[in-house]
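K.L.:
The structure under discussion is supplied below as structure tokens; questions concerning it will follow.
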Ligand code: AMP
């Protein structure tokens, strides 16, 4: 029997499990590092919903420009150059992470905005006016935008969603993503793995092609590899592996640093702290990287980057390949491990699917081809497959699709700390989920009356090398010699990959003991590490609802302004047609009314300033009345002229 450490620190939180209902219009959202997409099942077709700019994907960018409501998507991306410190992108790389994590520390100098430690040490971001946001909050803004796209498609607010996460996300990162959904006012029915979603989108189309499928998913911020067995509508994940901090952003940062170094070598000027310059170079670097997927060489030209100095040079595809080879090679090990974990050989893989924008890079396709000894399948749209798969899973949950079953796995081993800082795994990685497991433990020292259960995820044998995802205390254990109490610890990973742990004192006490027949059980949903308390999440939900109400009001005012604007345009027409026959004084009064109304219309449209709608309607009525009166006089004049 394993022994607990005698240390007692904090109490864990008690959170009740949510009950799931069957619902309709469950949207699928791919919450990507760089871009996000939303899809829904319509009849038998999965449809990607377009945003208001007509785009099928929406940049995962959120900007704060002083207004209450942040800009999200393309409008946020467009203004990044003039507002780099308040424009947040790729924050998915920070989600569920500590400020001190090496990956976060590496990002600090590579982004133009501020990354700061929250009180509990989580990585947050901050604006120039010191407003602090958790990465979940920023993701919540993006999810709100995706919800809005779906709301306007259905002409009705949607409530339920399936959201995807990188397969290699740990519990904290999954929890933080669920919190983001809650902030956006969405009931996230299920969190599924991105590559599994992509396989669903692939497999649903090609049921005849059952077999073993590898999904190689390299997006803006994360890399995942999953191997699935698709058989008669059953999608069984055999193994998964990856790196939650490897993606297109790393290629952009590499090119950015290359350009900064080149500039320094040429002019002796270090512009790495000039945030505006860095943002411009970053955008040019990404553009160049994307271009080099289609052409052999690309021109990087950034005029007036520093005073009268310009950046101007050519980069070839080979140069980019060589420069980024160490990044590309980081995908090889996880692929090999994944094939091994699945109990397969390379030759057993029937099809390789490419997902994520970075898989358009020819060198990456070549490496994948060499690894699997087969040409990857390029029929799946790498930007849309994940959202489509999420929509399919949504339709399975709503009962619209009946013949599809998804069996996913947990990406990381789950266990607890036992005496001496040893990691005791209870559920090994790649175990099919949902899963429940129980193991018995005891106390490590005589008279120990409480045990602290510290839950970790990872593959290392010492807990210090793994990720602490939650901890709680089972107290009131009757005093007894070490090894006597029997503590049952139950671990459960649900279909979202989210962990619930319970500890129970199962010692058989004699009938005359005060503890006889009394239940001593503590259970938690591991949620202690996402850096957002329930209260904070509730506050954010409240704020987003208030914003929604204000937005709705503003929308009505804008519609009102549009009606007034139409009348103004008609009035302009009347003046230009009949002005010559109107009285000078009447024209002047009408023009004053026009000016006053137009000022109010512009206030509403451009400055969000609200004017009393009844007041505007009264002004419009008055102007129309004067105008009608003037026209009647004109008509009389015309009759008189005809009569002469
Ligand atoms: P995703 O997260 O799947 O939207 O992938 C976005 C990443 O893919 C970004 O880093 C993009 O710069 C990158 N990307 C998109 N298209 C291409 C392309 N044609 N060649 C290389 N990288 C690309």
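Read the figures in this text as sums done on the coordinates, not as results from a lab. Note that the structure is predicted; figures quoted are calculated from it, not measured. Note that we place each Cβ from the backbone using ideal geometry, even for glycine, and neighbour counts take in every protein chain shown.
K.L.:
If neighbour count is taken as other Cβ atoms inside 10 Å, put 463, 445 in order from fewest to most.
P.N.:
If I rank by nearby Cβ atoms, fewest first, I get 445, 463.
K.L.:
Write down Rg/Rh for the chain, rounded to two decimals, with Rg from the C-alpha atoms and Rh from the Kirkwood relation over Cα pairs.
P.N.:
1.09
K.L.:
OK, next. What percent does the relative contact order of the range 548-643 come to when contacts are Cα pairs within less than 8 Å and at least six residues apart?
P.N.:
Dividing the mean separation by the residue count of the range 548-643 yields 40 percent.
K.L.:
If you don't mind, another one. If you stretched the chain out fully between residue 559 and residue 542, how much longer would it get, using 0.36 nm times the residue separation minus the C-alpha to C-alpha distance?
P.N.:
Length difference between fully extended and current span is 3.5 nm.
K.L.:
For the pair residue 379 and residue 47, how long in nm is the line joining their label points, each one 7 Å along Cα→Cβ?
P.N.:
About 2.4 nm separates the two model spin labels.
K.L.:
Also, I was wondering about something else. Please report how far the C-alpha centroid of the range 325-371 lies from that of the range 429-496, rounded to the nearest whole angstrom.
P.N.:
Taking the Cα centre of each part, the range 325-371 and the range 429-496 sit 36 Å apart.
K.L.:
What does the C-alpha gyration tensor say about the overall shape of the range 248-326? Classify as rounded when a/c is under 1.5, otherwise prolate if a/b is larger than b/c, or oblate.
P.N.:
Judged from the Cα gyration tensor, the range 248-326 comes out prolate (a/c at least 1.5, a/b above b/c).
K.L.:
Which FRET efficiency value, to the nearest 0.05, do you get for residue 332 and residue 446 by plugging their Cβ-Cβ distance into 1/(1 + (r/R0)^6) with R0 = 51 Å?
P.N.:
After rounding, the FRET efficiency stands at 0.50.
K.L.:
Continuing with this model, one more query. Does the range 338-382 come out rounded, prolate or oblate by the C-alpha gyration tensor, with a ≥ b ≥ c the root eigenvalues, rounded set by a/c under 1.5 and, if not, prolate when a/b is larger than b/c and oblate if not?
P.N.:
Cα axes put the range 338-382 in the prolate bin.
K.L.:
Right, here's the next one. Over what distance in Å are the Cα centres of the range 169-237 and the range 110-125 separated?
P.N.:
Here the answer is 28 Å between Cα centres.
K.L.:
On to the next question. Round to a whole angstrom and tell me the spacing of the C-alpha centers of the range 254-320 and the range 613-641.
P.N.:
One Cα centre to the other: 62 Å.
K.L.:
Sort 59-68, 588-597 for me by packing, meaning the mean count of neighbouring Cβ atoms within 10 Å per residue, highest on top.
P.N.:
Per-residue Cβ counts within 10 Å, averaged per peptide and sorted highest first, yield 59-68, 588-597.
K.L.:
Right, another one. Take each of the peptides 164-177, 91-104, average the number of other beta-carbon atoms within 10 Å over its residues, and list them starting from the highest.
P.N.:
Descending mean neighbour count gives 164-177, 91-104.
K.L.:
For residue 603 and residue 318, calculate 0.36 nm times their separation in residues minus their Cα-Cα distance, and state this gained length in nm to one decimal.
P.N.:
97.2 nm
K.L.:
Using Cα pairs closer than 8 Å and at least 6 residues apart in sequence, work out the relative contact order for the range 414-534, in percent.
P.N.:
Result for the range 414-534 is 24 percent.
K.L.:
Once you keep just the Cα pairs under 8 angstrom separated by 6 or more residues, what percentage relative contact order results for the range 248-326?
P.N.:
Once divided by the residue count of the range 248-326, the mean separation gives 24 percent.
K.L.:
Write down the percent of antiparallel bridges among all DSSP beta bridges whose residues are both part of the chain, to the nearest 5.
P.N.:
Of all bridge pairs located within the chain, approximately 80 percent are antiparallel.
K.L.:
Still on this model: Can you put 440, 291 in order of Cβ neighbours within 10 angstrom, beginning with the fewest?
P.N.:
With the fewest neighbours first, 440, 291 line up as 440, 291.
K.L.:
Treating each Cα of the range 414-534 as an identical point scatterer and ignoring solvent, apply the Debye formula and state log10 I(q)/I(0) at q = 0.20 Å⁻¹.
P.N.:
-1.14
K.L.:
What length, rounded to one decimal in nm, is gained on full extension from residue 589 through to residue 460, with 0.36 nm per residue of separation minus their alpha-carbon distance?
P.N.:
Gain on extension, residue 589 to residue 460, equals 38.3 nm.
K.L.:
Neighbour counts of other C-beta atoms within 10 Å: give me 139, 126 arranged from fewest to most.
P.N.:
126, 139
K.L.:
For residue 270 and residue 103, FRET efficiency with R0 = 25 Å and r from the beta-carbon atoms, rounded to 0.05?
P.N.:
Rounded to the nearest 0.05, the efficiency is 0.55.
K.L.:
I'd like to compare 602-612, 320-330: which one has the highest average count of other Cβ atoms within 10 Å, and what's the full order after that?
P.N.:
With the highest mean Cβ count within 10 Å placed first, the list reads 320-330, 602-612.
K.L.:
With n ≥ 4 as the cut-off for DSSP H runs, can you work out [θ] at 222 nm for the chain, using -39500 (n - 2.57) per run divided by the number of residues, rounded to the nearest 500?
P.N.:
Calculated mean residue ellipticity at 222 nm is -12500 deg cm²/dmol.
K.L.:
Would the range 548-643 count as rounded, prolate or oblate if I go by the C-alpha gyration tensor, calling it rounded below 1.5 in a/c and otherwise prolate when a/b exceeds b/c, oblate otherwise?
P.N.:
Prolate shape, in that a/c is at least 1.5 and a/b is the bigger ratio.
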